[in-house]
Amino acid sequence: MRLLVVGSGGREHALVWALSRSPLVQAVYCAPGNPGMREARRVPVSSSDVPGLVAAARDLRPDLVVVGPEDPLAKGLVDALQAEGFRVFGPTRAAARIEWSKVYAKDLLSRAGVPQPEHRSFDSPEEAVRWVRSLGGRCVVKADGLAAGKGALVCNHPQEAEEAVRALMVEGRFGEAGRRVVVEEYLEGEEASALAFVDGECVVPMVLAQDHKRLRDGDRGPNTGGMGAVAPLSHLPASLADRVRREILEPAAEALCRDGARFRGVLYAGLMLTREGPKVLEFNARFGDPEAQVLLPLLDCDLAEVLWATCEGKLGDVRLRWKPKAAVCVVAAAEGYPDSPVKGRTIHGLDAELPEDTLVFCAGVDQQDGRLVTAGGRVLNAVGLGPDVRSAREAAYRVFGQVRFEGMHYRTDIGLRAVHSAGVER
Ligand code: AMP
Ligand code: GLY
């Protein structure tokens, strides 16, 4: 098969890497990709240029198109490609609404009886302010639409929540995406990401993963696109994955079908593991970034076969196998990230052979005069594999003995919670 992957980040590099290892795959194209993706032939079209991508597909005639990021899903890329007869892994615009409208997602999950925080949706800032005042404490104010993972504002006092409502609804911090908001109760607990391959009502879960969204060690600093990930979560009870499938993923997939929006692709539930059980903070309609960078290296079957089966409605025949290992991904960010990342710094050490049990996926990377240079906030993903999280962590951090760029910074505690909690009764 010849495949076209849409996107340019670390998640897409992990997809390209996994797909290019399949004996079924002759060529992997990536639009636009980045120069660090040596396994892919790059196609110079932006991942949010729907007509450009349709034209590229007409040229390349791929057997399968795999869509990485949320933006093209929300813009209807899948619908446009399917209308031209292409086989596409990823949901239609209607099914991806579970990600691009939090107001819709909340309503869908309520109808499906899926556990989630107490919440209300607002079109009017005055009404939103009245409600946050009545809550009297911590709450979370969320933009309805897509905001690059930055649209959830955790507020510690009503005053802060009022400011958040104004910033989103009146001042338009995230443009149209924030004109409607959801306000929800603040939940305590550990977070987990539950991803599953889904074709309509058939749900095949992956192992659970955990993102580390805050910039600094100890979950301090602002929320980012994700500073690292770990999988599987063997420190949590083994029954959790099954509970999440039954109480969350399957009811959500069925509810989408009932809405006439059959979901085909990866459904991703962002969870808070509360004392009362797992509750949904958000749904995404795609692989997580950086969760994909730990899940795909652990997958012990042919990814191309799984994606193909999903598109053919044959997911019921698929049994996912996982390597008996753990994986840790550490994101190396550019100086100035997340506010104003410094671009153009030379990346050293990628040409030499990497340490054993490690991989590097490239994200915000460009090329200048034949050198790889920084070109975005999250630059590289160092991935380590090992028999347990402790050794996977050690492997991941070994990468930075070899690969570096000026101003590079990363969290030093990725996966540490899983290491410390291992063996603790829950
Ligand atoms: P979201 O974009 O909805 O996943 O939110 C981004 C991050 O904000 C989450 O990963 C959590 O760390 C935090 N968050 C979102 N909603 C809540 C909530 N209801 N309670 C506590 N933290 C939350
Ligand atoms: N890891 C968070 C996301 O992909 O949205």
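Peptide packing for 343-352, 312-321 was compared via the average number of neighbouring C-beta atoms within 10 Å per residue; ordered from the highest value, the list is 343-352, 312-321. How many angstrom lie between the Cα centre of the range 145-175 and the Cα centre of the range 69-92? Using only Cα atoms to place each centre, the spacing works out to 30 Å.
Rank these residues by their accessible area, most exposed first, probe 1.4 Å: 17, 322. Write out the running numbers ahead of the final one.
On the way: 17 35, 322 65 Å².
Output order, biggest surface exposure first: 322, 17.
With only Cα atoms counted, the range 1-104 has Rg and Dmax values of 13.0, 43 Å.
To the nearest 500 deg cm²/dmol, what mean residue ellipticity at 222 nm is calculated for the chain from DSSP H runs of n ≥ 4 alone, each contributing -39,500 (n - 2.57), summed and divided by the residues? Intermediate results must be reported in sequence, preceding the final value.
Values: 14 runs with 119 residues, N = 426.
Rounded to the nearest 500, it is -7500 deg cm²/dmol.
Between residue 301 and residue 123, what is the FRET efficiency for a Förster distance of 41 Å, r being their Cβ-Cβ separation, to the nearest 0.05? If you can, show how the numbers build up before the last one.
Working: r = 46 Å, r/R0 = 1.12.
Efficiency computed from Cβ-Cβ geometry: 0.35.
Would you mind telling me the share, in percent, of accessible area of the chain contributed by carbon and sulfur at probe 1.4 angstrom?
Exposed carbon and sulfur together represent 45 percent of the surface.
Stokes-Einstein D for the range 89-197 at 20 °C, 1.002 mPa s, Kirkwood Rh over Cα pairs, in µm²/s? Translational D for this selection: 148 µm²/s. Amide H contacts for residue 281 (H built 1.01 Å from N in the peptide plane; partners 5 or more residues away or on another chain; cut-off under 5 Å): 270, 271, 272.
When only Cα pairs under 8 Å and 6 or more residues apart are kept, what is the percent relative contact order across the range 168-223?
Details: 51 pairs, mean separation 10.7, N = 56.
Contact order relative to length: 19 percent.
Using heavy-atom solvent-accessible surface (probe 1.4 Å) with all chains present, what is the largest-first order of 235, 119, 157? All intermediate terms of the calculation are to be shown ahead of the outcome.
On the way: 235 15, 119 50, 157 110 Å².
Of 235, 119, 157, the descending order of accessible area is 157, 119, 235.
How far is the Cα center of the range 341-379 from the Cα center of the range 219-239, in Å? Here the answer is 24 Å between Cα centres.
Starting with the highest mean, order 41-48, 220-227, 9-16 by the number of other Cβ atoms within 10 Å, averaged over the residues of each peptide. Spell out each step's value before the answer.
On the way: 41-48: 16.2, 220-227: 18.2, 9-16: 28.9.
Packing proxy ranking, top to bottom: 9-16, 220-227, 41-48.
For 410, 397, the ranking by accessible surface with the largest value first comes to 410, 397, using a 1.4 Å probe. Annotation: residue 102 carries an accessible surface of approximately 40 Å², with a 1.4 Å probe and no ligand, DNA or RNA atoms counted. Backbone amide hydrogens, once placed in the peptide plane, bring residue 30 within less than 5 Å of 5, 41, 42, 43, excluding anything fewer than 5 places away on its chain. Take the Cβ atoms of residue 110 and residue 319, set R0 to 56 Å, and the FRET efficiency comes out at 0.95. Per residue, the range 94-207 exposes 43 Å² of solvent-accessible protein surface, assessed with a 1.4 angstrom probe and all protein chains in place.
In the chain, a dipole from Cβ-located charges (positive for Lys and Arg, negative for Asp and Glu) runs towards its positive end, and of 338, 241, 73 it is 73 whose Cα lies farthest in that direction. For the set 75/142; 106/279; 106/142; 279/314; 213/325, the pairs lying more than 19 angstrom apart at their alpha carbons are 75/142; 279/314; 213/325.
Normalising the average separation of contacting C-alpha pairs (under 8 angstrom, six or more residues apart) by the number of residues puts the relative contact order of the range 272-415 at 26 percent. Stokes-Einstein diffusion for the chain at 10 °C, viscosity 1.306 mPa s, with a Kirkwood radius from C-alpha pairs, works out to 73 µm²/s. Placing unit charges on the Cβ atoms only, positive for Lys and Arg and negative for Asp and Glu, gives the chain a dipole magnitude near 180 debye about its Cα centre. Here the translational diffusion coefficient of the range 293-375 follows from Stokes-Einstein with Rh set to the Kirkwood radius across Cα pairs; for 10 °C and 1.306 mPa s it amounts to 100 µm²/s.
For the range 362-378, putting each phi into the Karplus relation 6.51 cos²θ - 1.76 cosθ + 1.60 with θ = phi - 60° gives couplings of 9, 10, x, 10, 10, 10, 9, 6, x, 9, 7, 10, 5, 9, x, x, 8 Hz, in residue order, rounded to whole numbers and with x for Gly and Pro. In the range 197-261, Cα pairs under 8 Å separated by at least six residues give a relative contact order of 35 percent.
In this simple spin-label approximation, residue 41 and residue 87 carry label points 7 Å from Cα along the Cα→Cβ vector, and these lie 1.9 nm apart. Once label points are set 7 Å from the Cα along Cα→Cβ at both residue 59 and residue 220, what is their separation, rounded to one decimal in nm? Going from the residue 59 label point to the residue 220 one covers 4.9 nm.
The values are calculated or read from the model by the stated rules, or taken from the named source; none is laboratory data. These figures come from a predicted structure and were not determined experimentally. Here Cβ is always computed from backbone atoms with ideal geometry, including for glycine, and neighbour counts include all displayed protein chains. Keep in mind that these areas ignore ligands, DNA and RNA; they rest on the heavy atoms of the full protein, side chains included. Shrake-Rupley method; radii C 1.70, N 1.55, O 1.52, S 1.80 Å.
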